Amino acid sequence: MLVEIRPAARLRGKNAVDITAALAPVFGALGTENADDGPVTDLSRLRVVADWVQYRNNFRTPIELRPVVGGGSPELALDLRGLSGADPDAVSSGVGAALHAHRGGGASARHVILEEWAPSRSSLIWAFNSLYWQHLQLWEEATGQGYESALPGGQSDARHLEPVRETIGRLFAIWDSLAERRALPEELYVVELGVGNGNQASTWLDTFVEMDRAHGREYYRRLHYLMCDYSPHVLEMARATVRGHAEHVSSFVLDAMRPLTSLAFLKFKVFFVYISNVYDNLPTDEIATIGQREHLVEARAYLPEPEAEAIAAGLGIEQQALAALVQKLLRLGPALLAEAMPQHFADVPAAVQFWRACWQALKLQERYVPLHGLDTYEIAPGINGELLRPLLSTGGDVRMHVSNGAATSFAETLPLLHPYGTLQCHDIVVTDSHQFRNSFRGPGKYDGSVVNWVNGPLLAHIGARKGFDVSFAPFRRSGSNITTMTADVRD
Ligand SMILES: C[S@@+](CC[C@H](N)C(=O)[O-])C[C@H]1O[C@@H](n2cnc3c(N)ncnc32)[C@H](O)[C@@H]1O
């Protein structure tokens, strides 16, 4: 049997997990399984993988059995955080039930399955994610909390002044030197993708004005700050936040993965592209090498039975009717859903409550599908899966995020940059592919949205191919796990 324990940092020190206690009931249950019952209980073929899922809200249950399509050895996936302190008998019977269900015993048959199997990036969790940003206000009214409180550190790092000053200082230096050579364009463009409530834009612009006054070159007069977001509602909030700078700000409803649809007129003209806590929020697949063979992770969303039963009972409907209702919610949004189905929802808050209950309950089943060559896989338009090979073949099995959304966005944004332009991103980033081996990297649930760590080495490869240097530096706030990623045209 292959046993992989990933959360290395949790094995030592003050907060070390008691691995023996957590795993004893698991192995106890495996030891009592009927050995002649096929690959699941052929212990020589079983892989046991233990993670520490640090997100309090996430899409996993503590014990899961993941099949490999085509009959490879299955994976018993454990969340050590979920197992620690759990009743050992419950853990044993959980393992037994997972094996039983895998063999077709049907123990999980009463879950409400919400979609067909598909690569993770196509799961409906992304429709939930988008719904959250489109209807943020309704969600925040219901929880009484702003989305920023869910971000690492409780607020966006975009609002820390020192790095903002540094960035603007560098821009001024570039502009001064271009001006000296009479090569500075009249219009100075800055683009922000995924603006949220506009606090970052406001901080940036206020700081710009203050520094420009001291610098004395009147760059503010020439500045155009373009706020972009795929949520018209979010953009409206952001516009209100920066109203003091209205003459210098325009806003665009725009998918961060397709910036050229509206911004093609800015090709080679943008001096600074800023993107904070957005790449971690874009759809992603995961790829795993298992026994030196690449597999794509497929997922399907479901509502576990007890929660589904409670939600359905609250609405007075059959459990199995929930799947169609969730689809309706995702298509219409909570306000229209309430209007369309007054028999189930007395008002909009009732529909929001349904939305939140579904999101809270929602889990993902996973399975592995063998890939017939990395070259058959597309990371992003025109970016072939072969680019992952150096990251995957670093010795031993590894499961990593492809960050397809981030890769698409990054590749499509670089053409906007002026030859002296910079793209800067603040996010949770894996900067060395080994980090996929030692910690859980998502997905987690932040309030109504999805979060995944971003595959930094892959973005660096993509940048390099397009003639950009990509570098990573830790964000300078103590305790922060945010990385600053910078892409500049290579000298
Ligand atoms: C976590 S918030 C970050 C907001 C802000 N940049 C900050 O750091 O506080 C993510 C933002 O990205 C936007 N967003 C998510 N996916 C997007 C997409 N595909 N295209 C454009 N905006 C997107 C959301 O609407 C939201 O405003």
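Filtered by the rule that a residue be at pLDDT 95 or above and of a type in the set (Gly, Ala, Ser), region 284-313 gives 288, 299, 301, 308, 310, 312, 313.
Go through region 368-401 and report how many residues are within 16 Å of the ligand (Cβ to nearest atom) and either part of a loop (DSSP other than H, G, I, E, B) or farther than 16 Å from residue 456 by Cα (or both). Total satisfying the criteria: 1.
Taking each residue of region 252-273 that is farther than 19 Å from residue 468 by Cα and looking for partners that are in a loop (DSSP other than H, G, I, E, B) and among the hydrophobic types (A, V, I, L, M, F, W, C) with beta-carbon atoms closer than 8 Å, six or more apart or interchain, yields 256/278; 256/282; 261/254; 262/254; 263/254. When residue 447 is tested against (1) touching a helix residue (DSSP H, G or I) at 6+ places or on another chain (Cβ under 8 Å); (2) on the phi < 0 side of the Ramachandran plot, exactly one condition is not met: (2).
Which residues, counting only those in region 64-82, are in contact with a helix residue (DSSP H, G or I) (Cβ under 8 Å, 6 or more places away or on another chain) and in a loop (DSSP other than H, G, I, E, B)?
Passing the criteria: 67, 74.
Considering only region 216-231, I want to know if a residue exists there that is modelled with pLDDT under 95 and over 24 Å from residue 160 (Cα atoms). Looking for residues that are modelled with pLDDT under 95 and over 24 Å from residue 160 (Cα atoms), one finds none in region 216-231, hence no.
Restrict the check to region 176-195 and report whether at least one residue is within 22 Å of residue 444 (Cβ to Cβ), at pLDDT 95 or above and either buried (at least 18 other Cβ atoms within 10 Å of the Cβ) or within 13 Å of the ligand (Cβ to nearest atom) (or both). Yes: one or more hits.
Within region 289-307, residues that are at positive phi sit with their Cβ atoms under 9 Å from residues that are not in a strand (DSSP E or B), at 6+ positions apart or across chains, in these pairs: 291/72; 291/73; 291/397; 292/393; 292/397. Output the residues belonging to region 237-247 that are in a helix (DSSP H, G or I) and free of Cβ contacts under 8 Å to residues at least 60 places away in the same chain. Residues satisfying the conditions are 238, 239, 240, 241, 243, 244, 245, 246, 247. Scan region 404-411 and give yes if some residue there is within 16 Å of the ligand (Cβ to nearest atom), within 26 Å of residue 63 (Cα to Cα) and outside any loop (DSSP other than H, G, I, E, B), otherwise no. No: region 404-411 contains no residue that is within 16 Å of the ligand (Cβ to nearest atom), within 26 Å of residue 63 (Cα to Cα) and outside any loop (DSSP other than H, G, I, E, B).
Per-residue answers, yes or no, for (1) of a type in the set (Asp, Glu); (2) part of a loop (DSSP other than H, G, I, E, B):
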residue: 307; (1), (2): yes, no
residue: 343; (1), (2): no, yes
residue: 353; (1), (2): no, no
residue: 357; (1), (2): no, no
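Mind listing just one residue for me: the one in region 221-234 that is touching a Phe, Trp or Tyr at 6+ places or on another chain (Cβ under 8 Å) and within 11 Å of the ligand (Cβ to nearest atom) and, of those, nearest to residue 171 (Cα to Cα)? This residue is 227. For region 327-372, the set of residues classified as over 26 Å from residue 57 (Cβ atoms) and either in contact with an Asp or Glu (Cβ under 8 Å, 6 or more places away or on another chain) or of a type in the set (Lys, Arg) (or both) consists of 369, 370, 371, listed by residue number. For region 253-269, filtering for residues that are within 26 Å of the chain's Cα centre (by Cα) and buried (at least 17 other Cβ atoms within 10 Å of the Cβ) leaves 6.
Out of 440, 472, I need the residue that is of a type in the set (Phe, Trp, Tyr) and buried (at least 19 other Cβ atoms within 10 Å of the Cβ). Which one?
That would be 440, the only listed residue that is of a type in the set (Phe, Trp, Tyr) and buried (at least 19 other Cβ atoms within 10 Å of the Cβ).
Among the candidates 333, 373, the residue that is more than 24 Å from the chain's Cα centre (by Cα) and not assigned by TED's automatic domain parsing to the domain that holds residue 9 is uniquely 373.
Entry remark, region 413-452: residues being within 13 Å of the ligand (Cβ to nearest atom) and part of a loop (DSSP other than H, G, I, E, B) number 4 in total. Scanning region 248-283 for residues that are within 12 Å of the ligand (Cβ to nearest atom), more than 13 Å from residue 227 (Cβ to Cβ) and in a loop (DSSP other than H, G, I, E, B), we see that the one that is modelled with the lowest pLDDT is 277. The single condition from (1) within 19 Å of the chain's Cα centre (by Cα); (2) surrounded by fewer than 16 Cβ atoms within 10 Å (Cβ to Cβ) that residue 431 fails is (2).
The values are calculated or read from the model by the stated rules, or taken from the named source; none is laboratory data. Because the structure is a prediction, the values reported are computed rather than measured. Neighbour counts are summed over all protein chains in view; Cβ atoms, including those assigned to glycine, are modelled from backbone coordinates with ideal geometry.
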